[in-house]
Amino acid sequence: PGRQPVRETGNVLTPPEGVCHVVISDIDDTVMPTEATSMLRMFRSLFTGNARTRLPFPGVAAFYRALHQGTDDRLLNPIMYVSRGPWNLYDLLCEFFNLHNIPIGPVLYLRHWGFSREGLTRPAPKGHKYRLISQMLDAYADIPFILVGDSGQMDPEIYAEVVKDHPGRVMAVYIRQVEPDPQRVEGISRLARKVAEAGSVLVLAEDTMEMARHAAEHGWIEPRYLADVEGEKIESEPPPPIP
């Protein structure tokens, strides 16, 4: 009381009329490796790296630029991001995205981590993430969606549930394979069949190029962008050993 009101300026996303799609992408182990399936390796990544030492998965930046651009040069398709990471990573993520020329968009799912009587608290992934994506589908009721995630945690299950509960709204689900366990692969294959029965498609991809080819075949990105994805992928890969 008695103090001047706090004022701040922020950005608001208003998709222009006529956009082709909205993309919702996970960040951890989808855009960049974070070892989210291992608590120890994840914390090492969180606290020892910075925006300049981290790298996106090969081809991700070019693929996301292609999804952002779509097939109409006059419009930019919105991209939103979800992450289970803590809010103090927000500045790092902004710098990381700018450094690698990855399209910026709202980050929907950063959470507060902290200590409680039960110890270190981490947000549960499923219910909150499902609700946020459902809210975006309701907010942009006339626009189809593309969902991008990884196989390391619950993305395939959450996205399959979203497709089932929102028929006709999700054009495709892209899942980066980061968990090589055969049982996990088989489980995702079963989910893919359910997604197909619900009228969409789930692609379990070993690399970004596989996702990009599928998107180009279905007219969601211009085929000319495939060369950019491939070139970025080659640049990011280590050189072959000298015989």
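What to note about this one:
- Amide H contacts of Gly59: Lys233, each under 5 Å away and 5 or more positions distant or on a separate chain (H built 1.01 Å from N in the peptide plane; Pro and chain starts excluded).
- 1.4 Å probe accessible area per residue over segment 160-243, in Å²: 58
- Qualifying lysines (Cα of each under 25 Å from Cα of Lys129; at least 8 residues distant if same chain): Lys164, Lys194
The values are calculated or read from the model by the stated rules, or taken from the named source; none is laboratory data. Predicted model only: the values in this text are computed from it and were never measured. Accessible surface areas use protein heavy atoms only, side chains included; no ligands, DNA or RNA. Shrake-Rupley method; radii C 1.70, N 1.55, O 1.52, S 1.80 Å.
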